Amino acid sequence: MNTASARVGTPAASLLPKLSIWTVGALLAALFVALPLLTVVLIALGGDTEMWHHLASTVLGLYVERTLTLMLGVGLGTFVIGTATAWLVTMCRFPGRRVFEWALLLPLAVPSYILAFVVTDQLEYAGNVQTWLRALFGWTRPQDYWFPEIRSMGGAIAVMTTVLYPYVYLLARAAFLEQSVCVLEVSRTLGHSAWRSFRRVALPLARPAIVVGVMLVLMEVINDFGTVDFFAVRTFTAGIYDVWLNMNSISGAAQLSSVLLLVVLALIGIERFARRGRRFHHTSSKYSALPSYPLTGARGWLATAACALPVLLGFVLPASVLASYSLRYFRATLSVDYIGFVLNSLTLSVSASLLALVVGLFLAYAVRLSGSHFVRSATRIASIGYAVPGAILAVGVLWPTGFADRIFSGAAGLFGLTLGAVMIGTIAPVVYGYLVRFLALSYGTAEASLGKVTPSMDGAARTLGLTPMGALARVHYPLMRGSLATAALLVFVDCMKELPLTLILRPFNFDTLATFVFQYASDERLEASALGALTIVGAGIIPVLLLSVTIARSRPGASPERPEKE
Amino acid sequence: MNGLHLSGISHAFGANRVLDDVSVAVAPGELVCLLGPSGCGKTTLLRLAAGLEGLQTGAISIDGATVGDAAAGIAVPPERRGVGLMFQDYALFPHLSVRENIAFGTDPRDPARQAWIDGALGRMGLAEIAGMYPHTLSGGQQQRVALMRALAPSPKVLLLDEPFSGLDVTRRAQVRAETLKLVKEAGVATLMVTHDPEEAMFMADRILVMDAGHVVQDGAPTALYDAPACAFVAEFFGPVNRFEGLVEDGAVATPLGRLATPGLPDGAAALVLIRPEGIRPAAAGIELEIETARPLGPSSYISLRLPGGGTLEARFAGGALPAAGTRIAIEVDQGRVYAFPA
């Protein structure tokens with residue numbers, strides 16, 4: 001009693017979260033997202049140690065080694081390609097620069113497993129490249145010549161680097177554009193060459209952004225299942241599937257997942273730390289046109305080639321191969337249930353994106369209206385799903401949904417009803433998994449767009465006679481509409497491309513475009529699945545276009561576009 | 001009880017007390033300035049008056065009607081108070097045109113208000129930009145739009161939060177004069193917040209100087225400048241030369257001679273402040289060496305070396321600039337000397 005009454009009116013009282021709808025809602029959302037992760041850890045701890053010892057003595061070392069090699073290779077590759085191309089298109093002038101500014105983003109539309117299939121199809125013994133080489137040199141047998149094996153660690157690194165470098169490019173480019181040219185000019189007047197200025201000023205200033213980009217790449221690398229499975233690279237993620245589905249040990253899978261979660265936490269930690277470091281960017285508010293060093297002659301064409309190569313390999317090649325297969329094997333495509341797969345994909349993606357939008361918007365308002373540390377931390381937990389590999393989420397989602405089923409059927413039993421599985425065997429677990437994984441995307445966009453409505457705009461609307469609901473309708477909604485559509489679209493497209501989660505959590509005999517393409521192409525039947533793969537790539541283009549428009553407008557000092565008026 | 005009355009207002013954010021028993025009354029047609037350094041609770045007082053912040057202690061009435069009373073649990077929502085609030089960042093709605101922004105708080109079916117808006121747009125020179133969007137406007141134009149938006153619903157009370165801080169110095173004087181004219185025409189009770197004493201003196205009928213949540217002096221602009229109630233107010237309104245010492249026979253000994261300290265008992269520690277314009281060149285008097293002399297246009301900045309070390313700042317009106325290094329005789333204008341207990 002004494003301690004309780006002493007608390008009233010002291011600062012300690014305000015530390016206790018007030019039980020508003022926002023607090024409760026944010027807490028629920030955080031729990032909802034954290035549940036699969038907690039489940040994984042609990043299953044892992046509760047599982048038999050024998051399995052763990054077996055894994056540790058046999059495959060664990062291999063998984064660690066393979067995963068780290070892959071991360072190192074792709075991280076290094078995307079850093080070099082992403083930073084170099086970003087620097088070239090922002091600071092230099094060479095043939096085709098304006099096209100490359102947006103074209104360099106295109107490979108982002110191609111999921112790595114699709115590029116893996118296309119590249120393999122082209123480079124294998126019967127593929128176009130080797131056939132052409134044999135015809136050229138008159139070889140007849142595989143023994144006559146050496147050719148690199150694409151289905152290998154090297155191949156996986158190359159394929160993932162080619163489709164993932166745009167993350168680094170995007171962030172590095174934005175960072176270079178944000179930099180005040182004055183800073184670079186100061187460096188030049190202090191006697192540094194353009195190249196030394198890049199190394200000593202521009203690169204260190206952009207480093208936090210580049211680190212964020214590389215961390216996002218690495219999260220994608222450990223999330224990947226399609227490529228490593230097809231290339232038989234035994235990473236952690238591949239191992240989780242192997243232990244779960246082939247060795248039939250969910251606790252073993254959970255144990256591997258828990259180890260991988262440590263890597264994920266490290267990546268999130270580095271990413272958030274780097275994001276915080278971005279604050280000291282703007283040292284000068286003066287911006288002038290970027291200098292655009294002209295690269296003429298051979299150097300110009302070299303720059304063109306350097307930018308063209310990733311676009312050709314990462315987008316033009318897969319898109320054209322898939323397009324030509326789609327045309328040639330149109331009948332084969334329709335003999336499989338293409339339309340059905342499209343509808344399945346749409347159902348899943350639309351439900352998940354709408355749900356993610358609603359929850360993301362709720363969290364954005366919760367943080368704004370309550371402003372408490374508690375809600376803020378809950379929201380931070382709710383938005384870590386983006387970094388968690390689909391395989392881990394799959395392990396973690398299955399158990400809670402099964403548990404919910406037992407509760408439902410238990411409750412139905414009280415009323416004398418028999419109820420089968422309500423969740424398992426439906427699309428609910430998949431949508432749940434998507435929501436956890438992509439909530440950060442919708443929350444981030446909702447938060448950013450809510451940021452456009454400043455608190456004083458709220459105040460202005462209220463003093464000018466609007467009720468809170470009125471302010472929502474006449475100020476918030478019109479200002480946020482566009483961004484919210486974008487948020488839903490981004491989640492939608494990511495759901496369309498998603499493979500590792502869908503593969504495990506989908507109902508029996510239920511295929512989406514992604515799972516269908518993966519299974520068919522893994523069986524070397526790329527032709528029949530080409531249209532499906534092309535559809536996924538087509539959907540992936542949409543956010544790329546949105547991004548390229550945004551990035552063109554983002555330069556400080558550029559006159560902002562006038563908002564559309566209906 | 002017409003106009004705006006805030007009485008006994010106290011407010012705290014967590015453990016941080018920003019307002020402590022503050023009372024302000026603004027009559028219709030009167031312009032009152034709340035003047036004080038940043039973070040002294042001025043803006044919070046405006047937000048409380050508008051109803052954007054929950055009242056913790058005290059009461060607020062507008063034109064005789066209580067709109068907020070912490071003890072009685074009365075809290076009229078902002079949309080029903082009839083106050084116009086102009087925000088420091090203007091808070092223009094980016095998705096609405098100039099005309100739509102200004103008309104936001106008015107009834108589109110009320111011909112009188114719509115006619116007022118159109119007339120005001122013309123008078124303010126905003127007619128040509130009525131269809132444009134806020135981000136295309138200059139700072140001065142945005143300021144005028146924000147002011148007109150606050151005035152358009154013909155509020156009983158107008159609240160201005162640092163209305164000129166977003167403008168560059170060269171534009172400020174002109175916009176200030178325009179704003180004053182517009183507000184006086186509207187005849188509305190106006191409470192304005194600023195940290196700029198010159199701005200407050202230009203705009204206000206009455207100034208309340210605030211420090212750390214308290215009102216330290218309330219009076220006409222000239223009274224505050226000529227007869228500051230404490231050292232804080234004196235120093236806030238302009239640069240001063242400071243001397244400290246013990247009162248002896250109603251005066252304190254300073255390098256400039258004995259300066260009278262009316263109202264202070266003998267033996268008390270005193271702080272004596274002299275405004276730079278209180279130091280005048282004289283035919284005869286204390287002779288000091290000129291350290292620096294720089295022209296400021298209408299007057300000149302003179303820094304004088306004091307015998308015991310340190311410098312004395314003075315402003316000499318017009319005339320030829322004395323050369324640095326020479327000696328000059330000065331006298332002290334007792335009307336520009338303020339003495340407070342140290």
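Every number in this text was worked out from the coordinates using simple rules, so none of it is lab data. What you are looking at is a predicted structure, and each value in this text was computed from that prediction instead of being measured. Ideal geometry is used to build each Cβ from the backbone, glycine not excepted, and the neighbour counts take in all protein chains shown.
Odds and ends about this structure:
- Label-to-label distance for residue B:269 and residue A:149 is 8.7 nm, based on points extended 7 Å past Cα in the beta-carbon direction.
- Per residue of peptide A:254-265, the mean number of Cβ atoms on other chains within 10 Å of the residue Cβ is 0.
- Shielding of peptide B:88-98 by partners, expressed as the average count of other chain Cβ atoms within 10 Å per residue Cβ, is 6.
- Overall form of the protein assembly as shown per C-alpha gyration tensor (a/c, 1.5; a/b vs b/c): prolate
- For the range B:144-258: rounded, prolate or oblate by the Cα gyration tensor [a/c cutoff 1.5]: prolate
- Candidate cross-link partners of residue B:181 among the aspartates and glutamates, defined by an alpha-carbon separation under 16 Å and a same-chain spacing of 8 or more, comprise B:30, B:199, B:205.
- J(HN,Hα) series, the range B:81-94, from Karplus relation 6.51 cos²θ - 1.76 cosθ + 1.60, nearest Hz, glycine and proline x: 8, x, 10, x, 10, 9, 7, 4, 8, 6, 6, 5, 7, x
- The H on the amide N of residue B:251, modeled in the peptide plane, is under 5 Å from the matching H of B:261, each at least 5 residues off or on a different chain.
- Length released on extending from residue B:177 to residue B:114, taking residue separation times 0.36 nm less the Cα-Cα span: 20.2 nm
- Proximity of backbone amide H atoms, modeled 1.01 Å from N, is registered between residue B:285 and no other residue at under 5 Å, excluding neighbours fewer than 5 places apart on the same chain.
- Projected label distance in nm at residue A:200 and residue A:64, using a 7 Å step from Cα toward the beta-carbon: 4.2
- Using θ = phi - 60° in the Karplus curve 6.51 cos²θ - 1.76 cosθ + 1.60, the 3J(HN,Hα) couplings for the range B:282-293 round to 9, 5, 9, x, 6, 9, 10, 8, 7, 8, 9, 9 Hz; x is entered for Gly and Pro.
- Taking amide H atoms as placed 1.01 Å from N in the peptide plane, the amide H of residue B:29 lies under 5 Å from those of B:188, B:189, B:190, each 5 or more residues away in sequence or on another chain.
- Extended-chain gain in nm, criterion 0.36 nm per residue less alpha-carbon gap, residue A:133 and residue A:509: 131.2 nm
- Inter-label distance, residue A:381 to residue A:548: 4.2 nm, where each label sits 7 Å from its Cα along the C-beta direction.
- Value of [θ]222 nm, deg cm²/dmol, for chain A, DSSP H segments ≥ 4, -39500 (n - 2.57) each, nearest 500: -23500 deg cm²/dmol
- Applying the Karplus relation 6.51 cos²θ - 1.76 cosθ + 1.60 with θ = phi - 60° to the range B:157-164 yields 3J(HN,Hα) values of 10, 10, 10, 10, 9, 6, x, 10 Hz, where x marks Gly and Pro.
- Gyration tensor verdict on the range B:106-165 (Cα atoms; rounded if a/c is under 1.5, prolate if a/b is larger than b/c, oblate otherwise): oblate
- Potential extension, residue B:277-residue B:7 segment - 0.36 nm per residue separation minus Cα distance: 93.4 nm
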